[in-house]
Amino acid sequence: MSDSTSSVTTFEEMYDFFLAGITDDMFMEMTKEDTEELLEEILLAALPHFEFPRKNIFNLDLTNKTFSDILTQEEMMIIRQYMISE
């Protein structure tokens, strides 16, 4: 569901990136809504651990579930690591 002309990274893109890097079957047993709710909690809990981001990763649109900017692959990898530790 990623749009190449988008000027922001969506939470869904971050969730997909996170899920691609883990092998936990727990998420397979949950409903889509429950999974997204849990992933959002994990994502929001992980962000404060990212000490020196180049972009303001805390400027979030919680209504539309997006970051204010496009995250780089490196930034997504760092966030994913913190999500895994959550």
For the stretch 68-82, in residue order, the Karplus 3J(HN,Hα) values (coefficients 6.51, -1.76, 1.60; θ = phi - 60°; whole Hz; Gly and Pro = x) are 7, 9, 8, 7, 7, 4, 4, 4, 5, 5, 5, 4, 4, 4, 6
For the stretch 11-85, fraction of C-alpha pairs farther apart than 21 Å, in %:
21 percent
Within the chain, list the chymotrypsin sites (Phe, Trp or Tyr not before Pro) lying in a DSSP loop whose Cβ has at most 11 other Cβ atoms in a 10 Å radius.
none
Once the other residues with Cβ under 12 Å from the Cβ of LEU71 are scored (Lys, Arg +1; Asp, Glu -1), what is the net sum?
-1
Check which residues have an amide H placed less than 5 Å from PHE50's amide H, if you skip close sequence neighbours.
none
Put +1 on the Cβ of every Lys and Arg and -1 on every Asp and Glu Cβ in the chain; which of THR35, PRO48, ALA20 then has its Cα farthest towards the positive end of the dipole?
PRO48
Electrostatic dipole magnitude of the chain [Cβ: Lys, Arg +1; Asp, Glu -1; Cα centre; debye, to 20]:
400 debye
Taking springs between alpha-carbon atoms closer than 10 angstrom, which of MET30, MET14, MET76 fluctuates most in the Gaussian network model of the chain?
MET30
Which whole-Hz couplings ³J(HN,Hα) result when phi for each residue of the stretch 30-43 is put into the Karplus expression 6.51 cos²θ - 1.76 cosθ + 1.60, θ = phi - 60°, listed in order with x for Gly and Pro?
9, 5, 4, 5, 5, 4, 5, 5, 5, 5, 5, 4, 5, 4
Quick check: net charge around LEU60, other residues with Cβ under 12 Å of its Cβ, Lys/Arg +1 and Asp/Glu -1?
-1
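Each reported figure results from applying straightforward, stated rules to the coordinates on display, with no laboratory input. The model shown is predicted, which means the values in this text are computed figures rather than measured ones. All Cβ positions, even for glycine, are placed from backbone atoms using ideal geometry, and neighbour counts span all protein chains on display.
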